[in-house]
Structure formats: structure tokens, C-alpha cells
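Participant: So that we are looking at the same thing, I have put the structure below in C-alpha cells.
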Amino acid sequence: MDVVNQLVATGQFTVIKQPLGFIKILQWFFAIFAFSTCGSYSGVFRLSVECKNRSESDLDIDVEFSYPFRLHQVWFDAPSCKSPGPERLFLEGDYSSSAEFFVTIGVFSFLYSMAALSVYIFLLEKYREGNRGARIDFVVTAIFTFFWLVSSSAWAKGLSDVKENTDPDEVIKLIPACRHEENRCKEVHEPIVSGLNTSVAFGFCNLVLWAGNLWFVFKETGWLGAFAGTYVPSGGKQPAPDTYGQAGYGQDPYAGSQGGTAALRRAQERVVI
């Protein structure tokens, strides 16, 4: 307990009010929302197959699927509308790579944001000492920005394919009995994917947050001051010395000639006398 009190006493919590720390808190929360809405998803849709022979019909076919969306492993039993009984069918597609990549980036972003925020609060002096900590932070932030761009884009495309392959109208096409006009197949209800749509939105929100945070971390690296101190405009020249001033600004250019004329006249007067 004493250690906790000591850490709290030495912590610089004012950094939370600054953009550098405040954005880290936002990144922490948005990372949680991103990976949790995707990683905890579970959906279900229902079909009905009414055979010509009513005794073979199945009006409540539930198909459940969930993260990581290996749909090719999701199966359901559908009536064949002919003896000997129902047949087992599988959905199509495997979108686990994009989904797992997205969740992984979210989890690591959450962990890094929490670690960086702890450094800001308790080790801010060492973080700024020699700018080494800030430069490492900048590089890591740039890497996460790139990964959020890639993972969010990949998951957005993967989600589009998941929606297509879990659309009841598309799944009905996989049932052989539904290809015969005497059998009637229809959708009872479709899956609710609003949570997955939210995960994509949070992914791109994280991209904006991490990209925006680059500037505030960059200001801590000291590179901005180095660039400003050594910058010389291209084609710049030193101003020429003021030769006009060196020659005696404000002097009468005719003063010398007037003095010489007066002396000549005095000499002539002496000769005449």
C-alpha cells in the first residue's frame, strides 16, 4: 500500500490534461471497443424448407456462426425432401485471418496505450531525458498507425464477405432441395451484424487517433527544434555591406571642390597685390 501511495504521490497526472496523455486515454478505450465488438460476436439466422412431402419439411433451421468466422466449418442440417433424411451442409468462406489480425492489433494497441500512459505519469522525466523515449514512442506510434490502416481495411473487406455468405438468400442456394420448384425455401430472419459494423467504425476511429497522435509525440522528440535551428533557405545570401554609409552618409559631395576653389582665389589675390 505504501508503494502505491508513493507512486501516486510522485505521479505527474497533469499530463492527462495535455494532448499527449489525453489521446492515449482515448486510444485505450477505443482499442477495447474495437477488439471486443469483433472478438465477442456471435450471430444466428434462420431458414425454412417446406418440401412437397410435408412430413420431410423443416421450418426452423438455425445456423449459428461466430468469431473468428471460419464459415467453412459451420454446418447445418437441411431436409433433402427425399429419403433417407436430412443432409449436412456447410457455409462457404474463411475470414479468420482478417478478423484475428484486427483483434490482435486492437489488443496490442490496448496494452501499449496502457504502458505508455503509465510512463507518461510516473516516468515522464526519464521519457523526455535525451528524447530517446519520445523517439521510440514516435516510431511505435507510426507502426501502430500503419497496422490500424491495414487491419481496418482488411476487416472491412472481410466483414463484407461475411455478410454475403451469411445472407439467408445466399445460403438457400446451397441447399439442393431448394433448387426444385416444388419445394419452397425462405428466410425466417437474418443475422444482426450491427456489432460488427461498429467494430469497423472503431477500427477507423483508432486509425485517426493514432495518426493524430503522431504530431504530439513528434513534438517531444526534439527533431522539430533541430530542423528549425539548422534550416537555411535555399538560395539565401548575406546582405551586402552598406558602402554608401561607409563613404560618409550625409556628406556634401561638393564640399571638397568648393574648398579648393576658395583657396585658389586667395592665392590669386596675393599675387595681384
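The values are calculated or read from the model by the stated rules, or taken from the named source; none is laboratory data. Just so we're clear, the structure is a prediction, and the values are computed from it rather than from any experiment. Positions of Cβ are generated from backbone atoms using ideal geometry, with glycine treated the same way; all protein chains shown enter the neighbour counts.
Participant: Which one of the conditions (1) of a type in the set (S, T, Y); (2) assigned to a helix (DSSP H, G or I); (3) within 29 Å of S66 (Cα to Cα) does S80 fail to meet, given that it meets all the rest?
Facilitator: Of (1) of a type in the set (S, T, Y); (2) assigned to a helix (DSSP H, G or I); (3) within 29 Å of S66 (Cα to Cα), only one is false for S80: (2).
Participant: For residues in segment 36-70 being within 37 Å of the chain's Cα centre (by Cα) and among the small types (G, A, S), which is surrounded by the fewest Cβ atoms within 10 Å (Cβ to Cβ)?
Facilitator: Among residues in segment 36-70 that are within 37 Å of the chain's Cα centre (by Cα) and among the small types (G, A, S), the one surrounded by the fewest Cβ atoms within 10 Å (Cβ to Cβ) is S42.
Participant: So for segment 84-98 (the condition being out of contact with any Gly (no Cβ under 7 Å at 6 or more places or on another chain), basic (K, R), touching a residue at least 40 places away in the same chain (Cβ under 8 Å) and more than 30 Å from T198 (Cα to Cα)), does at least one residue qualify?
Facilitator: No, there is no match, as no residue in segment 84-98 is out of contact with any Gly (no Cβ under 7 Å at 6 or more places or on another chain), basic (K, R), touching a residue at least 40 places away in the same chain (Cβ under 8 Å) and more than 30 Å from T198 (Cα to Cα).
Participant: Just one of the numbered conditions (1) crowded, with 20+ Cβ neighbours inside 10 Å; (2) closer than 18 Å to Y41 by Cα is not true of H189; which one?
Facilitator: It is condition (1) that H189 fails.
Participant: Would you tally the residues in segment 187-227 being closer than 22 Å to G158 by Cα and under 13 Å from the mean Cα position of the chain (by Cα)?
Facilitator: The number of residues fulfilling the criteria is 9.
Participant: Another question, if that's okay. Do we have any residue at all in segment 103-113 that's aliphatic (A, V, I, L, M), surrounded by fewer than 17 Cβ atoms within 10 Å (Cβ to Cβ), out of contact with any Phe, Trp or Tyr (no Cβ under 7 Å at 6 or more places or on another chain) and touching a residue at least 24 places away in the same chain (Cβ under 8 Å)?
Facilitator: Scanning segment 103-113, I find no residue that is aliphatic (A, V, I, L, M), surrounded by fewer than 17 Cβ atoms within 10 Å (Cβ to Cβ), out of contact with any Phe, Trp or Tyr (no Cβ under 7 Å at 6 or more places or on another chain) and touching a residue at least 24 places away in the same chain (Cβ under 8 Å), so the answer is no.
Participant: Looking at the structure I just gave you, is E182 acidic (D, E), out of contact with any Cys (no Cβ under 6 Å at 6 or more places or on another chain) and either in a loop (DSSP other than H, G, I, E, B) or touching a residue at least 40 places away in the same chain (Cβ under 8 Å) (or both)?
Facilitator: Yes; evaluated as a whole, the condition is true for this residue.
Participant: Still on this structure: Regarding segment 128-141, can at least one residue be identified that is of a type in the set (K, R), in a helix (DSSP H, G or I), surrounded by fewer than 16 Cβ atoms within 10 Å (Cβ to Cβ) and at pLDDT 95 or above?
Facilitator: Checking segment 128-141: not a single residue is of a type in the set (K, R), in a helix (DSSP H, G or I), surrounded by fewer than 16 Cβ atoms within 10 Å (Cβ to Cβ) and at pLDDT 95 or above.
Participant: Could you check, for segment 156-176, whether at least one of its residues is more than 30 Å from A78 (Cβ to Cβ) and surrounded by 15 or more Cβ atoms within 10 Å (Cβ to Cβ)?
Facilitator: yes
Participant: So, in segment 53-77, exactly how many residues are at pLDDT 95 or above and part of a loop (DSSP other than H, G, I, E, B)?
Facilitator: 5
Participant: Something else about it: Is there a residue being touching an Asp or Glu at 6+ places or on another chain (Cβ under 7 Å), in a helix (DSSP H, G or I) and either at pLDDT 95 or above or closer than 30 Å to P86 by Cα (or both) anywhere in segment 189-205?
Facilitator: For segment 189-205, residues touching an Asp or Glu at 6+ places or on another chain (Cβ under 7 Å), in a helix (DSSP H, G or I) and either at pLDDT 95 or above or closer than 30 Å to P86 by Cα (or both): absent.
Participant: Just the residues that are part of a loop (DSSP other than H, G, I, E, B) and not hydroxyl-bearing (S, T, Y), please, taken from segment 159-179.
Facilitator: D167, K173, L174, I175
Participant: Further question: For D58, are the conditions met, namely being out of contact with any helix residue (DSSP H, G or I) (no Cβ under 7 Å at 6 or more places or on another chain) and closer than 19 Å to D169 by Cβ?
Facilitator: Yes: the conditions hold for D58.
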